[in-house]
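Worksheet: one structure, shown below.
Just so you know, all these numbers are worked out from the coordinates, no wet-lab data involved. Note that this is a predicted model, so its numbers are computed, not measured. In this analysis, Cβ positions are derived from the backbone assuming ideal geometry, glycine residues included, and neighbour counts consider all displayed protein chains.
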Amino acid sequence: MASARRTFDFVVAANRLPVDRVVDDDGTTRWQASPGGLVTAMDSVMQGRRAAWVGWAGVPDEDVRPFDRDGVRLHPVVLTAEEIQDYYEGFSNETLWPLYHDVIVPPRYRRRWWAAYREVNARFAECVAQVAARGAVVWIHDYQLQLVPSMLRELRPDLRIGWFNHIPFPPVELFGQLPWRDSVLRGLLGADFLGFQRRNDAANFARACQQLLGAHTSGDVVSWVGDEDEPGSGERRVRMAAVPISIDFTTVDELARTPGVRRRAQEIRASLGNPRTVLLGIDRLDYTKGIRHRLRAISEMFADGDIATPEVTLLQVATPSRERVSAYRELRSQVDGQVGRINGDHSTIGASAVHYLHHSYPKEEMAALFLAADVLLVTPLRDGMNLVAKEYVASRWDGGGALVLSEFTGAAHELTQAFQCNPHDIVGLKQTIVAAMSEDAASRRKRMLGMRRRVRTHDVHAWARRYLAALEAAPDKPDRG
Ligand code: GDG
C-alpha cells in the first residue's frame, strides 16, 4: 500500500491544514502559516518526529499536491464547494456545533449533510491510512472528524489512534436528538484514547455509550463489543479523560512585555479618552460567546447609573466568523442593533459607551488590547475552553486587570480566582462586573498572579505531552497521567 510513498510516525488530522493561501499583489500565490494555538501545540510535539498533517487547504475544488512546511509534510484533502456546504457549513456548523453547545440555536438535521459528513470523514481516513507508517501515532482533532477513528482502525488496525474534542460533549438528553447518534459514538470508539476539555464532557460521552449502545463503563474506560454485523467487531476498550487545552504562556507573556505593545496599550487608552475603566470583550462573533447577554448587562448598567461615560467604556472586538451560516448573520444584525441602541442612549459627544469593532487583528494588537483593559468580560453560554481568557491572564505580566468569566467555560474549572458569573443571570452579571471594577488593587493582583501561575504551569506544551502520554498508555492510565 505505502510502498513508494513516504510515510510518517506521527500524523495529525484536523479539518484545516495549518496554512492559508494568500495571493500577493503581483497575482502569485503562496502558503502562509495560519497562526493558532493548535499549530503551536503540534509544533512542539512534532519536532524530532517524522510528522505529517492531513487537512483541508481552505480552497474548494483544488487538488493541491502534498508539500513540506517547517519539516512537516502537509497533505491536503480535496473538498468540493458542495462538500464544504454540506459537510462543513451544514453538518459541522449547523448540526453538531449548536447540538454540542446546549442547543442555544436549534440544530438542523439534514440527511444530505450527514451523507457528506460520512463521505468526507472516509476521505480523511483514507488519506491518513496512506501516509501513516506502521504502528504510527495518529492524533485526530475535533467534531468535524468523529467518524475517522473507526474508519481508520478498519483500514489500519496497527495504528495508535487518539481524538481530542475542542468543544463540549453534550449530555445524552441533548445528544440523543441526533438521528445518527449511534454512528457517531461507534465512530469515536475506534480510537484508543478520547480527550475532552472537562471531566463532565468525558462523563457525558460515557453515559451516551452506556445508554445508547449498551456499552459498559468502568472508571474512565468504555468497553464495548461491536455489533456482530459491523466490520471490525470484537471487544474494544477505549479510555477517555479530561485533558484541558491551554496556550503558549511564554510567547504571549513575552509579546505583552515588548515596548511596542506597551506603547500601543497606552495609545489605545488615550484614543478612548483615557477613561478610568476600560471594559473589554474579544470573541469570535458566535452565539455561544454570550455577547448579547453581555451587552444587555452593560446597557442596563449605563441606564441604572452604575457606569457612565467618559469614565467607563466598553471595547468590544467581534472577529467575523461563519458569515455564510444564517444564524451568524442574524446574530451580527442583533449585535449591531444592540450596540447602536446603547450608543444612542448613553454616548456623549466625544465619548462612546461602546466601541464596537467587527474586525480581526494581528496578535500584537490583541496583546495591546489585553494590556489596555481593566476588566475582560468572557461570558459564553457554553464554551469548550476559551483561550481568550487564558491569553488575557498570560498578557498581564504587570499583575493588573480583572477577569469576569462565565462558569459555562472549560476555563472556569482552572481559573478559579476569576470573577465567575452565570451570564443568563443579568442581575448577577451586573453585580459581578461592578465587583471586578471596584475590588482593591492588592486583591485583584493576588487573583491575577494566582491565575498566571496556573496557566504558566499548565501551558499548551504540557497539554500536548499529557495527551500523548495518555494516548500511548491507553487504555491504561499513563504513569503520571
Ligand atoms: C474552539 C472552542 C476552545 C480571536 N480573534 C482574533 C484572534 N482570536 C484568537 C484568540 C484565541 C482564538 O482565536 C479563539 O479561541 P477560543 O478558545 O476563545 O474560541 P474558539 O475559536 O471558539 O475555539 C474553544 C478552542 O477551540 C481550543 O480548543 O478553547 O472552546 O470553541 O486564540 O486569541 N487572534 C487574532 N486576531 C483576532 O482578531 N490574531
Phi-derived 3J(HN,Hα) across segment 261-266 with the Karplus relation (6.51, -1.76, 1.60, θ = phi - 60°), rounded Hz, x for Gly and Pro, is 5, 5, 4, 4, 4, 5
Of the listed links Lys289/Lys446; Lys289/Lys363; Lys289/Lys390, those spanning more than 22 angstrom between alpha carbons are Lys289/Lys446
Quick calc: nm separation of the 7 Å Cα→Cβ label points for Gln266 and Lys363 -> 2.5
A student applying the Cα gyration tensor rule (rounded when a/c is under 1.5; otherwise prolate if a/b is larger than b/c, oblate if not) would label segment 335-481 prolate
For Lys430, counting only aspartates and glutamates whose alpha-carbon sits under 14 Å away and dropping same-chain residues fewer than eight positions off, the answer is Glu300, Asp304, Asp306
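Calculate the dipole size of segment 85-129 relative to its Cα centre from +1 charges on Lys and Arg beta carbons and -1 charges on Asp and Glu beta carbons; express the result in debye to the nearest 20. Walk me through the numbers before you get to the answer.
On the way: 6 positive and 6 negative charges, 39 e Å.
Value, rounded to 20: 180 debye.
Convex hull over the alpha-carbon atoms of the chain: what's its volume per residue in Å³?
It is 154 Å³ per residue.
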Note, segment 112-120: 3J(HN,Hα) by Karplus (6.51, -1.76, 1.60, θ = phi - 60°), whole Hz, Gly/Pro = x, goes 5, 5, 5, 4, 5, 4, 4, 4, 5
Treating only Lys and Arg (+1) and Asp and Glu (-1) as charged, each at its beta carbon, one finds that the chain has a dipole about its Cα centre, in Debye to the nearest 20, of 940
Segment 243-350, convex hull of Cα, quarter of hull surface, nm² -> 9.2
Computed about the Cα centre, the charge dipole of segment 106-150 from +1 Lys/Arg and -1 Asp/Glu charges at the Cβ has a magnitude in debye, to the nearest 20, of 280
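Could you tell me what percent of the DSSP beta bridges with both partners in the chain are antiparallel, to the nearest 5?
The antiparallel fraction comes to roughly 25 percent.
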Diffing segment 372-382: the Karplus 3J(HN,Hα) column from phi (6.51, -1.76, 1.60, θ = phi - 60°), in whole Hz with x for Gly and Pro, holds 7, 8, 7, 9, 9, 9, 10, 10, x, 7, 6
